[in-house]
1. If you scan the range 1-18, which residues turn out to be open to solvent by 100 Å² or more (accessible area, probe 1.4 Å), at pLDDT 85 or above and aliphatic (A, V, I, L, M)?
2. Only one of (1) more than 19 Å from residue 26 (Cα to Cα); (2) within 17 Å of the chain's Cα centre (by Cα) fails for residue 118. Which number is that?
3. Collect the residues in the range 104-129 that are in contact with an Asp or Glu (Cβ under 9 Å, 6 or more places away or on another chain), closer than 19 Å to residue 86 by Cβ and either acidic (Asp, Glu) or open to solvent by 60 Å² or more (accessible area, probe 1.4 Å) (or both), keeping them in residue-number order.
4. Do we find that residue 114 is at negative phi, modelled with pLDDT of 85 or more and basic (Lys, Arg) in this structure?
5. Show the residue pairs that are 6+ apart or on different chains and have beta-carbon atoms under 7 Å apart, the first residue being within the range 109-138 and part of a helix (DSSP H, G or I), the second being of a type in the set (S, T, N, Q).
6. Which residues, taken from the range 69-99, are open to solvent by 20 Å² or more (accessible area, probe 1.4 Å) and either among the β-branched types (Val, Ile, Thr) or in contact with a strand residue (DSSP E or B) (Cβ under 7 Å, 6 or more places away or on another chain) (or both)?
7. Check 41, 34, 5 and return the single one that is in contact (Cβ under 8 Å) with a residue 40 or more places away in the chain, more than 25 Å from residue 129 (Cα to Cα) and part of a helix (DSSP H, G or I).
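The values are calculated or read from the model by the stated rules, or taken from the named source; none is laboratory data. Computed from a predicted model, the values in this text were never measured in an experiment. With ideal geometry, Cβ positions are generated from the backbone for all residues, glycine too; neighbour counts draw on all protein chains shown. Calculation scope for accessible area: heavy atoms of the full protein, side chains included, ligands and nucleic acids excluded. Shrake-Rupley method; radii C 1.70, N 1.55, O 1.52, S 1.80 Å.
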Amino acid sequence: MKFILVGVVLVGMGYIGFGLARFYRRRKRFFADLILFCEKLCVDISFSKETLNTIVSSNLTNFSKDFKNVLERYLDFLSLKSSEVTPNLLFKNSTLISNEEQENIALFFKSLGRLDASNQVAEINNFKTKFLSFQSRADEENKKFGSLSLKLMLLFGALVVIILI
């Protein structure tokens, strides 16, 4: 019976640690996708001269699930022509991105399609520099806490096992 309890505690703590590590990897991937999207937008706006709806919908398959959800909600906004892009519209019940980051990303999507092509590319590049700082912070958090959380939870599980035995 003790072996089963030991196994359950270690597997449970490992699962929690893996979930925390996965959170930091998803954050890092989200910002990498956002920067890649900015670069694709700059190229498409400069050379293809297609509509924003077409550009966004053609790039949906290139990104992770988290960023793809944001793009799909933005496409819904474009098709409905609702009043304004808000963080609540783009990030429904998402804890992956902080409030400050959500505000900046919503402001980015709000500014798309409002300017002529050359000014729009300059605006996208300005936002891209902000997003690069967000990405570097997410990368640092992933390096600090990603693998550490898995290791600490396994050690905590081992401590609980020792205390129980």
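1. Across the range 1-18, the qualifying residues are 4, 11.
2. (2)
3. If the condition is that a residue be in contact with an Asp or Glu (Cβ under 9 Å, 6 or more places away or on another chain), closer than 19 Å to residue 86 by Cβ and either acidic (Asp, Glu) or open to solvent by 60 Å² or more (accessible area, probe 1.4 Å) (or both), then 110, 114 are the ones that fit.
4. No, not satisfied.
5. Final answer for the pair search is 117/46; 121/46; 123/111; 130/104.
6. If the condition is that a residue be open to solvent by 20 Å² or more (accessible area, probe 1.4 Å) and either among the β-branched types (Val, Ile, Thr) or in contact with a strand residue (DSSP E or B) (Cβ under 7 Å, 6 or more places away or on another chain) (or both), then 86, 95 are the ones that fit.
7. After ruling out the rest, the residue left standing is 5.
Residue-by-condition table, conditions (1) at pLDDT below 90; (2) among the small types (Gly, Ala, Ser); (3) farther than 24 Å from residue 141 by Cβ:
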| site | (1), (2), (3) |
| --- | --- |
| 33 | no, no, no |
| 46 | yes, yes, yes |
| 55 | yes, no, yes |
| 69 | yes, no, no |
| 80 | yes, no, yes |
